[in-house]
Amino acid sequence: MNDSDLEGAWSLVVRDLPARGGANAQTEPPDTFTLDVAVSDGRIAGCKLNPGARDDQCTVRDGLFYVETSDPGSPALVFVLKRRTATRFEGGAALDLPPFGRQTIGSVVMTKVS
């Protein structure tokens, strides 16, 4: 995966993990986010989850795309995504809760908007 393939706007849809309580448990509607990725000289130059927010951290490591929010006032939201097609990634979402570590909160699908 090339960093330049990630440039542009993306839509992320996070589905909560099924609630404990059996097959009839209610699930919350999915959360949606917009991610803008800027690329310069073939490298990720910046990214923002929900544009207008602070700069977040986006990296590619070992074939996976990582997005981590950087708001110091709240736990980091972390997405780990694997490319399925040129315009679709799938993976998981977690909250980084020091000192407890990361707690998985759901699955995520990221699709290209523009």
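Please indicate, with yes or no, whether at least one residue in region 71-94 is without any contact (Cβ under 8 Å) to a residue 24 or more places away in the chain, in a loop (DSSP other than H, G, I, E, B) and in contact with a strand residue (DSSP E or B) (Cβ under 7 Å, 6 or more places away or on another chain).
yes
Is it fair to say GLY21 is at pLDDT below 90 and out of contact with any strand residue (DSSP E or B) (no Cβ under 8 Å at 6 or more places or on another chain)?
Values: at pLDDT below 90: yes; out of contact with any strand residue (DSSP E or B) (no Cβ under 8 Å at 6 or more places or on another chain): yes.
Yes.
Kindly check whether there is at least one residue in region 73-93 that is at pLDDT below 90, among the hydroxyl-bearing types (Ser, Thr, Tyr) and either surrounded by 13 or more Cβ atoms within 10 Å (Cβ to Cβ) or out of contact with any Phe, Trp or Tyr (no Cβ under 6 Å at 6 or more places or on another chain) (or both).
yes
Which of the following residues is open to solvent by less than 50 Å² (accessible area, probe 1.4 Å) and of a type in the set (S, T, N, Q): THR69, THR34? If you could, list the steps in order and put the result at the bottom.
On the way: THR34 fails: open to solvent by less than 50 Å² (accessible area, probe 1.4 Å).
That would be THR69, the only listed residue that is open to solvent by less than 50 Å² (accessible area, probe 1.4 Å) and of a type in the set (S, T, N, Q).
The values are calculated or read from the model by the stated rules, or taken from the named source; none is laboratory data. Please read all numbers here as calculations on a predicted model, not as lab measurements. Cβ: placed from backbone, ideal geometry, glycine included. Neighbour counts: every protein chain shown. Note: accessible area is taken over every heavy atom of the protein model, side chains too, but ligands, DNA and RNA are not part of it. Shrake-Rupley method; radii C 1.70, N 1.55, O 1.52, S 1.80 Å.
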